[in-house]
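Student: Mind looking over this structure? Questions follow.
Values in this text are rule-based calculations from the coordinates and carry no lab data. Not measured: the values here are computed from a predicted model. Backbone-built Cβ (ideal geometry, glycine too); neighbour counts: all protein chains shown.
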Amino acid sequence: MAHKEQVIKPLFAKGPSLGIRLLVFAVLSAVLMVVDARFEALKPLRSQMGLVLTPFYWLADLPVRAWDGATQQISSRSELMAENEKLKAEALLLQRRLQKLAALTEQNVRLRELLNSAALVDEEVLVSELIGVDPNPYTHRILIDKGEKDGVFLGQPVLDARGLMGQVVEIMPYTSRVLLLTDNTHSIPVQVNRNGLRAIAVGTGNPERLELRHVADTADIKEGDLLVSSGMGQRFPAGYPVATVKEVIHDSGQPFAIVRAVPTAALNRSRYLLLVFSDRRTPEQRANDSAEAQEAADREAEQARAQGEQAPAPAPDAPAQESN
């Protein structure tokens, strides 16, 4: 049996070369462009082709639009976050300024109260500021910004806008230490403003309480009475508020009553204080100065009287002559 030769056909038929096909397509494109530009024949076809190709255009542009949207979202989020942080910082700054403004307002109120109190004080005063507090809880002392260079002296009374706070116990060139009324070692002569009853107010170590010592159980003192400095001892000037009686305990078996009072001064809150330059002369010096001033006034009065007697008296008016 004769074998027939098998003819193997190529898988891909060989056609025109790539260059020829490119040239044909280029010529065809040029012809279509010329025809489209000069004639109206291809306009309906172009419209139909545009309608058919629109979804492909949309699909082809989808990645670009998605990328632009994502970029814009990321950019907008970043800008919003940055703006949010900026607004938070500005709000924090404004809040700090508001707090500072509130502090300045309160400081202004306290200074006005202090100035009003200074206007009511007869003696010379100097405004001072508290700059430190003794850390020892058993000692009630504060540090102020006035010292020897400002004329501060030992034992000088210190008060705030509400009443007496204490006295100067240590002087340095530019600062001083003040012992508060409530210190355990401090005492001050006081009297009841209502009836003049005298007593001694001593510190208890509690910044909110004073106690009166040796007050008779039958003494006329009651809750709400105002205690003022009596001026005894020549240390504190008389008439300044010291405390208000809070509690009076009577015990029939004891000779003295237990009297507790609350300081009128804001010992734990006042920042601006008044240093009082009271008359530091002894009673003998004040009496001598008063006598000398009275003698000088008497001499001036005698001199004025003598000058008045030596002055010539005015001549009387001449009587008018009667006419004949």
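Student: Write down the Å³ per residue value for the convex hull defined by the alpha carbon atoms of region 109-261. Don't jump to the answer; show the numbers that get you there.
Tutor: Details: hull volume 18.1 nm³, N = 153.
Convex hull volume per residue, Cα atoms: 118 Å³.
Student: Sorted by average packing, counted as other Cβ atoms within 10 angstrom per residue and highest first, what order do 145-152, 262-269 take?
Tutor: Top of the packing list down: 262-269, 145-152.
Student: Let me ask something additional. How much length is gained if the chain between Ala70 and Val34 is pulled fully straight, taking 0.36 nm per residue apart and subtracting their Cα-Cα distance, in nm to one decimal?
Tutor: Working: separation 36, 0.36 × 36 = 12.96 nm, distance 4.22 nm.
Stretched fully, the Ala70-Val34 segment lengthens by 8.7 nm.
Student: Once you have the Kirkwood Rh of region 161-248 from its Cα pairs, apply Stokes-Einstein at 10 °C and 1.306 mPa s and quote D in µm²/s. Before the final figure, lay out the partial values.
Tutor: Values: Rh = 13.6 Å.
D = 117 µm²/s.
Student: Just order 294-302, 171-179 by mean Cβ neighbour count inside 10 Å, highest at the front, would you?
Tutor: Details: 294-302: 10.0, 171-179: 17.8.
My ranking of the peptides, most packed first, is 171-179, 294-302.
Student: How far apart, in nm, are the 7 Å Cα→Cβ label points at Glu79 and Thr54?
Tutor: Taking the two extended label points, one gets 3.2 nm.
Student: Sorted by packing (mean other beta-carbon atoms within 10 Å per residue), highest first, where do 131-138, 207-214 land? Please list the in-between numbers first.
Tutor: Working: 131-138: 10.2, 207-214: 16.9.
Answer by packing, highest mean first, reads 207-214, 131-138.
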